[in-house]
Amino acid sequence: MAQANQPQPMPAPVASSGQTLEQSPHPRRKHNRARPHRTYGRRYSLRAILFRYTMAPALILSLLLALLFTLQQMHDRRDLLLSHGRASAEQLVELIHLSEGHSFEERIHWLDKSLMALMLERDMIRSVQLYRADRNEAGEEEFRLISSVGPRPRTTFSAEELRGKPAHVHEDLDSLQILHPLLGEGTNCWLAIELHRPYFLVGTYQVALVGLIGLIVCTLIALVWAVVLSERAARSLERIKEALRAVGQGKFAARAVSSRNLELAQLAEEINLMAGNLAEYQRDYQEGLHQSMEDLRQSLDAMEEQNIELELARKKAVENSRGKSNFLANTSHEIRTPLNGIIGFTNLLLKTEVDQLQQDYLQTILRSSESLLTTINDILDFSRIESGNLVLDHSPMNLGQVLEETLQILAPYGYEHNLELVPFVDPQLPPSQIGDPLRIKQILTNLVSTAIRCSENGSIPVRIAVQSGKESELMVHISIVDNGARCDEQGRRELRQLLNSSPQQQQTNNNGMGLSIARSLVQSMGGELGMESNEQGGSSYWIQLPLTIDRNRTAITREQFPGCRVLLVDPNPMTRQQIFQQLSHWQVEALEHCDGQNLVPAIEQMWRHDALPDALIIDAGIADGNFDTFIATVQQLVDTYQCRVVVQGSPVDLRRCYDALRTRVLAFLGKPVSRDGLLRALKRVVPQQAQSRPQTGTFPVLPWPAKPRVLVVDDHEANRLLMNELLRAQNIEAVVAASGAEALELWRDQYFDMIFMDIQMPDMDGIATTRKIREEESGRRTPVIALTAHVGTEEKSRLLSAGLDDYLSKPVSEIQLTHTVKRWMEVNGAEEEAVLPPVVAPRLVDIGESLNLANQDPGLARDLLRMLLKGLHEDEQELARLFADKDHKGLFERVHRLHGGCCYCGVLRLRSATGQLQELLRPLQDQAQVDPGDFADAYEQVRKEIRALWDWSVEQDLDTLFGLEQIGEVGADGIEISEEQSAY
């Protein structure tokens, strides 16, 4: 029974091959037989349940019958005992009553004999006593025993307790007595018969014994019947369990044996039906599996054939893409080459003496050329963004000037919709930053064009604000606001989707491509671009752009006009706010006037009070289409009140009044108003009040100790002439060559401080020419700067690896050229000052050497160089402090640590300088008195090399130099395209 109540362990199922289920070779079947682990409560076997439900009723029924029978017998025996006692008491009382004629002694004697006889005859009577109540000496009534037979009664009574009571039965825990008063006595006499309890108890025990025996017999019968039922049910269930185990092992032919029990027979039939269904399902499954395997085999064969076809198609697509990329790259080169001459010579012509109208025409040519260049860059950048090969330039620029030039290009498009583009430049913006001006111009062009498409009749302000800055970095916020007059909510929603979607998801229409390029360029620069709704019902486009401050600029002057008063006459409040802000920055007291009809009376009133302003800036917008009245008004102001007038307006408005007013107006100012244009106009009207203050700005003519000689190599005559003029403007002697062979001859015969080398030339290209120069040169290394229209990642890496020192992208701007010349000339000057042996001078940074030191691991080489460059500023400051404190030991340790870092990078010149200073400081560490002149030259050389390396790092992209930008990308069609193959 105890074992029946415990859960039985299930035997391991056996597979059809004689293996256990865990060893079965069929993983599917093994998975189907896996039993989930469940937690059950206490479980009972069927045998235990049958025992419980069979034995429990029999035991309870037998126990109830035995108890009932025992209680009935106890009640009957008690009644018999009491009736016998009453009968005996009544008999004795009657006998005592009939013997009243005898004396008391005789009666007592006879009573004793009668009681004795009664005790002998009745085994149910324990004792008999006769009591009489007499008074004692104190006069109190008490019982006195007159006659007694048998033992003393267990319970006695007082006279007061029995006085006046009838015959009755007294029963307690100790005794059972029959009390009966005597008849006819005048005294209180009682007969007490105590009955014998063991007679009653013995009978009860006998009855209980009989009930117990009956209970045992019934229990045994029930036990035998329960065993018979449980064994029969267990055998039936065991047969069913064996059938289920066989079915679970996959033996679907097994069947359960039917039982005489109806329910078990129905269960067996259902199990047999299930086994039959499973057998049928297994047959269907096997047939389906074989069919699926056959289909899969055929599919694999078809896929293999398709893969072969796709591979052939991929190779063909790669070839087509290479041809297309080469075509676009060559087309870009051919377009950039004449653009280089157009933009360069236009800039040179603008520096000559031309009148105001001619200057406007030249500015239009320049901006149109730059717009064409921006369009070319849009097309190329769109392809580069798609292939992931976009490379940013790092060159000096003026962000405010970039904004103004962009708005001047887009202004005619805005005037078609009666819109004015108004630039706001934060005065805290540094005048020179390091960035990619062409790409930033692309971003601004696309966003401002979108704002123009959504606006009409009003102004579009474009603001540049400096948000934060530290050391050489600053964060710039650019915002563009449209009025939404030509764009509904659906249109704004589409614009947001264009800004949030990837380039592959957009249609290459004007909006889609432009916004996609703007977003991707901003993200590539590490910034953010977003769009918000404004209170006027339009949209605000904002850009967060990180820039680097250009510290390598010579000091120029910032003009100021203290005490100067200028009256602004402009009906557009946005333009008035822009000019007012700029004039206030120059310390000019600006007065505002917006009504053209009241202008003459207002000037007359000022003239009468001797309060005329120093100059008037009058917008042609006050003419409101009536230019005859406007011209007459300006002539009256000049002729009558001797006012100095500057007329501003759109190029169309200025041309309409130029001929009539050019002899009276001192300057014409085109809109959008630029800071440089406003400054030139202000200088013409109030030249005597201009004051200068130093500020970082554009490059003046570089002061050279000796006039440098530079070799310019280009197969395009216009580019040679342009480079010659640009270099001559910087007091540099330029020698030109039309081919690589001519350049080699000139280089062999003459001395040059620098070479500008065009890359794509017939016969011997720039790379081959540079390699030939590197092979033949001995002694001083001549810097070779590449002039190329290809600006891809692979192209830049290829140029630097081929021995060229730097590169300039066409079209070449004067600022970029001046910056490059100044940097490399300073490097050469440092080399010439150092006392070096007559060997080939090392490069500032040797990429090949860095790769060799890093075991040809570009990523490691880049990280080592980046860690060195990151700590250069701190190293320079610490070296200066230690040198000033004359801490020679600390100086030696710092130089030693810097030299150790240089040994793992290809910074050959800094490594050599720190090594020389380290050897000079080694014996001086513990000396108290040391002449600083012993190592001062070496210390200054280290500082120069640190600054040169820092200047170099500001303009370089280490990922590009080490070729770590992803060259191969998977295009939208799943085809891998290299940089040259997708050189848009």
Task: Cα radius of gyration and Dmax for the stretch 558-696 (Å) - done: 14.2, 44
Task: Ascending count of other beta-carbon atoms within 10 Å, so fewest first, for Leu372, Leu891 - done: Leu372, Leu891
TODO: Work out from phi, with θ = phi - 60° and the Karplus expression 6.51 cos²θ - 1.76 cosθ + 1.60, the ³J(HN,Hα) of each residue of the stretch 174-182, listed in order in whole Hz, and give x for Gly and Pro.
DONE: 8, 8, 10, 10, 9, 10, 9, x, 7
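Once the Cα gyration tensor of the stretch 844-965 is diagonalised, what are the square roots of 5 times its eigenvalues, in whole Å and ordered largest first, as equivalent ellipsoid semi-axes?
On the way: eigenvalues 174, 36, 23 Å².
For the stretch 844-965, the semi-axes come out at 29, 13, 11 Å.
Based only on other Cβ atoms within 10 Å, what is the fewest-to-most ordering of Ile732, Ile376, Ile618? List each step's numbers first, then the result.
Numbers: Ile732 22, Ile376 19, Ile618 26.
Final ranking by Cβ density, sparse to dense: Ile376, Ile732, Ile618.
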- [ ] Can you tell me how much longer the chain between Gln560 and Glu893 gets when fully stretched, taken as 0.36 nm per residue apart minus their C-alpha distance, in nm with one decimal?
- [x] 114.9 nm
Task: Virtual spin-label span in nm between Gln536 and Asp284, 7 Å along Cα→Cβ - done: 7.3 nm
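Sort Cys643, Cys218 so that the residue with the fewest other Cβ atoms within 10 Å of its own Cβ comes first and the one with the most comes last. Write down the numbers at each step before the final one.
Details: Cys643 23, Cys218 17.
Result, fewest neighbours first: Cys218, Cys643.
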Open item on the list: For a quick check: with amide H placed at 1.01 Å from N, whose amide H comes under 5 Å from Cys454's, ignoring anything fewer than 5 positions away on the same chain?
Closed with: none
- [ ] Would you please give the residues with an amide H less than 5 Å from that of Ser127, counting only those at least 5 places away or on a separate chain, with H modeled from the backbone geometry?
- [x] Glu194
TODO: Pop a pseudo-label 7 angstrom from the Cα along the beta-carbon direction at both Ser584 and Asp749 and give the gap in nm to one decimal.
DONE: 6.4 nm
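Would you mind getting me the FRET efficiency between Gln497 and Glu416? Use the beta-carbon distance for r and R0 = 35 Å, nearest 0.05.
Numbers: r = 27 Å, r/R0 = 0.77.
It comes out at approximately 0.85.
For the stretch 456-489, which trypsin sites (Lys or Arg not before Pro) are in a loop by DSSP, counting at most 15 other Cβ atoms within 10 Å?
Arg486
Once the piece of chain linking Ala265 and Ser778 is laid out straight, how much longer is it, given 0.36 nm per residue of separation minus the C-alpha distance between them? Could you put the intermediate results ahead of the total?
On the way: separation 513, 0.36 × 513 = 184.68 nm, distance 10.90 nm.
Roughly 173.8 nm would be gained on extension.
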Open item on the list: Place a point 7 Å from the Cα of Gln428 along the Cα-to-Cβ direction; which residues of the stretch 444-479 have their backbone N under 18 Å from it?
Closed with: 463-479
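Every number in this text was worked out from the coordinates using simple rules, so none of it is lab data. Predicted model, so just to flag it, every value in this text is computed and none were measured. Cβ atoms come from the backbone with ideal geometry, glycine included; neighbour counts cover every protein chain shown.
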